[in-house]
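Take a look at the structure set out below.
The values are calculated or read from the model by the stated rules, or taken from the named source; none is laboratory data. Treat the numbers as computed from the prediction; the structure is a model and nothing was measured. A quick note on method: Cβ atoms are made from the backbone with ideal geometry, for glycine too, and the neighbour counts reach across all protein chains shown. Note: accessible area is taken over every heavy atom of the protein model, side chains too, but ligands, DNA and RNA are not part of it. Shrake-Rupley method; radii C 1.70, N 1.55, O 1.52, S 1.80 Å.
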Amino acid sequence: MLPAEKLRAATSYLILHHPFIAVPLLRLRLAEDESEATAATDGRAIYYNPDFVAGLSLAEAIFLL
């Protein structure tokens with residue numbers, strides 16, 4: 001699964017199972033950023049390293065978000 005697809009699946013899981021957490025998440029855009037070691041946010045976007053996300057399980061990607 002590609003990193004962007006994995007994060008979309010994690011977002012979908014959160015929408016269905018934890019809507020309280022998903023509401024603020026939906027206001028943030030997901031942006032690939034290879035200069036990040038893992039992931040970061042500035043309150044407007046979640047920047048993630050695609051290589052890092054590729055190595056995560058779906059459960060870990062859900063936790064990341």
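For segment 3-33, the residues whose backbone nitrogen is under 18 Å from a point 7 Å from the Cα of Phe52, taken along Cα to Cβ, are 3-8, 10-11, 28-33. Per-residue SASA remark: Ile46, around 20 Å² accessible (1.4 Å probe; ligands, DNA and RNA not included).
Estimated at the nearest 10 Å², the accessible area of Phe52 is 70 Å² with a 1.4 Å probe.
Extension gain for the segment Leu2 to Leu16, taken as residue separation times 0.36 nm less the Cα-Cα distance, is 2.9 nm to one decimal.
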